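The values are calculated or read from the model by the stated rules, or taken from the named source; none is laboratory data. Being a predicted model, the structure only gives us computed values, none of them experimental. Note that each Cβ is placed from the backbone with ideal geometry, even for glycine, and that neighbours are counted across all protein chains shown.
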Amino acid sequence: MVQLFEQEVQLPYAQSSKGNQLKWCNKDVWYKADYTGYEGLSEYLISKLFRYSDLAVSEYVDYDIETMQYKDRIYRGCRSRNFLSEGWRLITLERLFQNAYGHSLSKCIYSIEDYENRLRFLVDQTIRVTGLREFGMYMSKLLTIDALFLNEDRHTHNIAVLMDEIGEYHYCPFFDHGAALLADTTMDYPMNTDITKLLDRVNAKTFCKDFDEQLDVAERLYGKNLHFHFTRKDVEHILEQDKVYSEEEKMRVLDVVTRQRQKYQYLF
């Protein structure tokens with residue numbers, strides 16, 4: 001357990017539709033407290049499953065489970081190393097577009113009727129501002145991750161690029177998977193509800209509500225760029241390492257991942 005203090009609280013860089021988790025930065029380590037359920041478990045498991053994929057270690061943020069004492073309360077959650085080099089900044093796509101054009105990227109996207117044109121607009125505008133020519137491939141990978149793990153909070157405040165100290169842009173490692181795997185047990189996905197019904201409730205947010213539609217569009221435009229090779233036993237082994245979350249929560253996460261793996265067999 002780590003003890004954290006008020007002066008270490010960080011203002012959120014991304015507004016979540018479900019509110020904002022408490023975040024702290026202490027000695028170049030970021031800590032995030034659970035807000036609606038088992039977000040820390042979700043972050044932890046997904047980042048460990050990236051080891052069983054085509055992703056390089058530099059392409060994603062690695063999370064570990066942590067308990068945190070803040071004031072008089074103990075929080076469950078996760079920790080990760082600060083991936084920003086000195087002088088570098090994380091800039092969300094929403095802020096990037098606002099700075100460049102003075103308009104909301106999200107509103108512009110949803111003013112476009114065709115889904116394919118929505119994603120093409122997001123990618124083309126990001127390339128225009130940043131010069132990151134492979135941003136379409138980056139989005140294809142990100143939308144594959146979100147579809148497989150059901151991340152329901154991947155809006156334009158939750159996709160980012162990095163700017164270095166001389167103003168050049170770089171790809172941001174994949175981060176923030178806390179809203180995946182039905183982690184919100186407080187409001188939308190209570191533990192005592194049939195999981196099949198819960199899976200039908202989950203909606204995407206990037207440019208339409210359907211994960212399959214988003215992924216199909218990304219693959220048509222930018223190809224299939226990410227594959228996994230984990231098994232159920234691999235998931236079980238990762239979950240067994242945790243001593244913070246309940247067996248009920250871990251079994252539900254295992255069930256969700258198993259079902260999603262079966263649904264997206266072509267990614268394996």
Determine, yes or no, whether Asn203 is buried (at least 16 other Cβ atoms within 10 Å of the Cβ) and either modelled with pLDDT under 95 or among the polar types (S, T, N, Q) (or both).
no
Checking Arg73 against (1) surrounded by fewer than 15 Cβ atoms within 10 Å (Cβ to Cβ); (2) without any contact (Cβ under 8 Å) to a residue 40 or more places away in the chain; (3) over 27 Å from Asn192 (Cα atoms): exactly one of these is not met. Which one?
(3)
Kindly check whether there is at least one residue in region 139-162 that is surrounded by 23 or more Cβ atoms within 10 Å (Cβ to Cβ), polar (S, T, N, Q), within 22 Å of Tyr245 (Cα to Cα) and out of contact with any Pro (no Cβ under 7 Å at 6 or more places or on another chain).
yes
So which of Ser80, Ser47 ends up being assigned to a helix (DSSP H, G or I), closer than 30 Å to Leu254 by Cα and either hydroxyl-bearing (Ser, Thr, Tyr) or more than 16 Å from the chain's Cα centre (by Cα) (or both)?
Ser47
Anything in region 153-196 that is closer than 20 Å to Glu219 by Cβ and not aliphatic (A, V, I, L, M)? List them, or say none.
Arg154, Tyr171, Phe174
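Quick one: count up the residues across region 52-70 that are in contact (Cβ under 8 Å) with a residue 12 or more places away in the chain and out of contact with any Cys (no Cβ under 8 Å at 6 or more places or on another chain).
Total meeting the criteria: 13.
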Here is a list: Leu182, Leu198. Which entry is in the same structural domain as Ser104 (by TED's automatic domain parsing) and either among the charged types (D, E, K, R) or outside any loop (DSSP other than H, G, I, E, B) (or both)?
Leu198
Do we have Leu96 as in contact with a strand residue (DSSP E or B) (Cβ under 9 Å, 6 or more places away or on another chain) and surrounded by 20 or more Cβ atoms within 10 Å (Cβ to Cβ) here?
yes
